[in-house]
Amino acid sequence: MKLADLDVIVTAPPAPGWGGRYWIVVKVTTDTGIVGWGECYASTIGPVAMEAVIRDVFARHMAGTSPEDIELMFRRVYSSGFTQRPDLTVMGAFSGLEMACWDILGKDRDRPVWALLGGKMNDRVRAYSYLYPLNSHPLPAFWGDADMAAEAALDLVGRGYTAVKFDPAGPYTMRGGHQPSGFDIETSAQFCQTIRKAVGPRADLLFGTHGQFTPSGAIRMARAIERFDPLWFEEPVPPDAGDGLGQVARATSIPVATGERLTTRVEFAAALDQGAAILQPALGRAGGIWEARKIAVLAEAKGAQMAPHLYAGPVEWAANIQLSVAIPNLLIAETIETPFHAALIKNTLSVEDGHVAAPTAPGLGIEVDEDLARAHPYAGDGLHLEMQADPPRYDAPQLFEGGAPVKT
């Protein structure tokens with residue numbers, strides 16, 4: 001059995017667009033007719049250019065190779081062009097293609113992917129979600145209103161979730177780390193206090209940021225929210241901050257989480273050395289399922305836990321769940337529940353009582369609605385996610401409006 005054909009589908013989730021402006025789904029077919037699905041979480045270039053990268057990676061390093069030879073194909077891609085170092089875009093392309101290989105292998109052997117990764121450690125996977133607005137919540141006011149956030153948190157808790165994530169600390173900008181404003185700190189503390197009062201001990205608070213702050217700025221923020229006992233402080237400094245992550249980890253009792261913008265075990269090992277307690281690989285970017293399994297081993301040796309990241313579509317989510325079922329140091333996995341997420345995989349995975357049951361179907365355990373994906377092509381010119389060009393403000397509150405929502 002050899003990898004033979006590739007198709008790339010760029011699909012755009014309709015409003016409200018949670019999960020990014022578009023998702024890049026790959027369909028890989030073997031010479032025996034088995035189809036595998038994957039998703040490339042890569043946002044540094046536009047989808048047309050990214051499709052060209054994906055096709056080049058497949059043709060150059062994977063076509064004609066057995067889907068079993070995942071380590072060999074990884075080394076080809078990782079070393080391509082005399083690099084042998086992490087490359088976010090190229091590894092993003094490979095990651096989705098690698099997922100498709102595992103989907104193929106599972107289908108060929110009539111077993112779920114977790115069974116090929118060492119077997120089942122977890123019968124179900126604990127899930128969390130961002131706080132998204134309820135139908136009654138106006139936008140953009142929701143993103144800066146602690147009372148509305150608490151209402152959304154209670155809705156999730158009522159559906160069985162035991163952890164909720166929120167990000168009230170202002171926008172992330174292309175200017176690198178900055179000091180939080182007084183408004184950012186006050187709003188963040190209000191969110192933590194109000195949500196903690198609403199949910200009590202029924203749910204962990206996951207304090208999200210996107211690498212907004214300098215190390216000293218992140219430490220100031222941590223001190224303001226520490227008394228509300230968040231389960232984690234996510235990505236407090238930019239991914240290029242060097243030992244800045246370690247400065248924050250040493251200065252706060254809040255576990256530091258990071259990883260959505262990292263790729264391969266090389267970068268995750270460095271984060272562990274800096275004191276990261278929770279790793280958040282996005283499997284469509286981090287190097288794929290096998291590389292993420294290696295990252296989990298590194299984390300286990302350091303006493304760290306895994307919390308796979310999701311700000312993409314349901315194919316990457318399916319890969320995250322397969323990994324989560326197989327590893328002993330799982331903490332939790334992110335999920336996004338929208339009708340389009342569910343419909344794109346024909347409701348083959350779902351959250352029940354705040355958890356995802358270990359899939360039993362072969363491969364990734366999903367059935368992709370290819371017609372639906374093609375019926376929603378991306379027609380815009382933006383990237384999957386974009387950083388704010390304007391500098392941060394210190395004279396007024398600033399809102400982070402939930403990623404890249406589709407305008408209604």
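The values are calculated or read from the model by the stated rules, or taken from the named source; none is laboratory data. Note that this is a predicted model, so its numbers are computed, not measured. Heads up, the Cβs are rebuilt from the backbone with ideal geometry, glycines too, and the neighbour counts pull from every protein chain shown.
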### Task
Among what's in segment 54-69 and is surrounded by fewer than 21 Cβ atoms within 10 Å (Cβ to Cβ) and of a type outside the set (Asp, Glu), pick the residue that is farthest from Val35 (Cα to Cα).
Arg60
### Query
(1) crowded, with 21+ Cβ neighbours inside 10 Å; (2) at negative phi: which one isn't true of Ser136, the others all being true?
(1)
#### Entry: Verdict on Arg265 being of a type in the set (Lys, Arg) and either over 22 Å from the mean Cα position of the chain (by Cα) or modelled with pLDDT under 95 (or both)
no
## Note on the structure
The residue that is nearest to Pro359 (Cα to Cα), considering only those in segment 318-342 that are polar (S, T, N, Q) and touching a strand residue (DSSP E or B) at 6+ places or on another chain (Cβ under 9 Å), is Gln322
#### Entry: Qualifying positions in segment 121-160 - touching an Asp or Glu at 6+ places or on another chain (Cβ under 9 Å), part of a loop (DSSP other than H, G, I, E, B) and within 20 Å of Leu349 (Cβ to Cβ)
Tyr132, Arg159, Gly160
### Task
List the number of the failed condition for Lys346; all other conditions in (1) of a type outside the set (Ser, Thr, Tyr); (2) in contact with a helix residue (DSSP H, G or I) (Cβ under 8 Å, 6 or more places away or on another chain); (3) exposed (fewer than 15 other Cβ atoms within 10 Å of the Cβ) hold.
(2)
### Query
Does segment 304-315 contain any residue that is within 12 Å of the chain's Cα centre (by Cα), in a helix (DSSP H, G or I) and not aromatic (Phe, Trp, Tyr)?
yes
### Message
Among the numbered criteria (1) surrounded by fewer than 19 Cβ atoms within 10 Å (Cβ to Cβ); (2) touching an Asp or Glu at 6+ places or on another chain (Cβ under 9 Å), which one does Pro314 miss?
### Response
(1)
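Given the residues Gln247, Gln322, which is the only one that is surrounded by fewer than 24 Cβ atoms within 10 Å (Cβ to Cβ) and assigned to a helix (DSSP H, G or I)?
Going through Gln247, Gln322 in turn, the sole match is Gln247.
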### Query
Only one residue in Phe228, Phe233 is within 20 Å of Pro180 (Cβ to Cβ) and either touching a residue at least 40 places away in the same chain (Cβ under 8 Å) or in contact with a Lys or Arg (Cβ under 6 Å, 6 or more places away or on another chain) (or both). Which one?
Phe228
## Note on the structure
Residue hits (segment 260-290; out of contact with any Ser or Thr (no Cβ under 6 Å at 6 or more places or on another chain), assigned to a helix (DSSP H, G or I) and either buried (at least 24 other Cβ atoms within 10 Å of the Cβ) or small (Gly, Ala, Ser) (or both)) are Thr264, Phe268, Ala269, Ala270, Ile289
### Query
Going by the conditions given, is Gly211 surrounded by fewer than 19 Cβ atoms within 10 Å (Cβ to Cβ), on the phi > 0 side of the Ramachandran plot and either in contact (Cβ under 8 Å) with a residue 60 or more places away in the chain or not polar (S, T, N, Q) (or both)?
no
### Message
What's the total number of residues in segment 77-86 that are surrounded by fewer than 19 Cβ atoms within 10 Å (Cβ to Cβ) and touching a Phe, Trp or Tyr at 6+ places or on another chain (Cβ under 9 Å)?
### Response
3
### Query
Within segment 123-133, is there a residue that is small (Gly, Ala, Ser) and under 19 Å from the mean Cα position of the chain (by Cα)?
yes
#### Entry: Residue in segment 233-241 that is modelled with pLDDT of 95 or more, closer than 13 Å to Leu131 by Cα, of a type outside the set (A, V, I, L, M) and crowded, with 21+ Cβ neighbours inside 10 Å present
no
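Give the residue, chosen from Ile195, Ile104, that is crowded, with 24+ Cβ neighbours inside 10 Å, in contact with a Ser or Thr (Cβ under 7 Å, 6 or more places away or on another chain) and modelled with pLDDT of 95 or more. Give the derivation first.
Details: Ile195 fails: in contact with a Ser or Thr (Cβ under 7 Å, 6 or more places away or on another chain).
Just a single option satisfies the conditions, and that option is Ile104.
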